[in-house]
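No lab work stands behind these numbers, since they all come straight from the coordinates. Please read these numbers as outputs of a predicted model, since none were measured by experiment. Backbone-built Cβ (ideal geometry, glycine too); neighbour counts: all protein chains shown.
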Amino acid sequence: MRTLLLIANIENEQYLRDETVGLSEVVADVAEELDDRRQQRDITLETNLTGDDVRPQANASLLHTLLRNLLSNAIKYNHEGGQIIVTGQPLPNGGYALRVADTGPGIAADHLPYLFDRFRRFHGNAPGSPEGYGLGLLIAQTIASFHGATLRAESEVGRGTVFILEFGPVVGVSTGFMPPS
């Protein structure tokens with residue numbers, strides 16, 4: 001119930017976007033928070049965020065939730081001894097792309113279009129893989145949209161999954177006032 005309320009509040013713009021947030025800082029915070037879970041499964045984590053990853057007019061708490069969902073899934077849906085690689089780089093248009101890749105069992109192509117649907121659940125593709133895709137990815141996508149970003153997934157069964165979060169270019173803060181010319 002709280003999850004649905006969170007989604008509704010985000011969709012209805014009940015949160016402020018009044019912070020300047022460095023994505024590398026959020027990734028580091030989330031990685032530290034999930035470190036025990038990751039180590040229990042002997043999964044390595046590599047991060048490499050380059051360039052200006054600062055997002056103005058953002059909500060740090062919501063971005064933390066988004067990245068926590070992506071990294072938590074990368075741990076949950078990975079092989080014992082697997083790997084997670086988080087990379088980030090500026091886009092030619094002035095935006096920023098963040099990628100969270102895992103070496104898990106992957107997602108079947110026919111499931112990819114439904115990853116962000118409410119309440120859609122699938123059985124894992126590989127023996128021992130957990131059932132998944134509840135509301136966590138919907139929350140992540142809702143938070144991405146709230147920040148003017150897109151979230152998509154690429155995957156291949158047996159090779160892993162990559163979630164790509166792309167923020168648009170940073171635009172100047174506008175008051176809406178235009179002086180007469």
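Output the number of the condition that residue 51 fails; it satisfies all remaining conditions of (1) of a type outside the set (Val, Ile, Thr); (2) exposed (fewer than 13 other Cβ atoms within 10 Å of the Cβ); (3) without any contact (Cβ under 8 Å) to a residue 40 or more places away in the chain.
(3)
Whether any residue in the range 22-41 is of a type in the set (Gly, Ala, Ser), within 16 Å of residue 89 (Cβ to Cβ) and in a strand (DSSP E or B) is what I want to check.
yes
Report yes if some residue within the range 74-83 is within 21 Å of residue 21 (Cβ to Cβ) and not charged (D, E, K, R); otherwise report no.
For the range 74-83, residues within 21 Å of residue 21 (Cβ to Cβ) and not charged (D, E, K, R): present.
For the range 54-67, what are the residues that are outside any helix (DSSP H, G or I) and exposed (fewer than 15 other Cβ atoms within 10 Å of the Cβ)?
Matches in the range 54-67: 54, 56.
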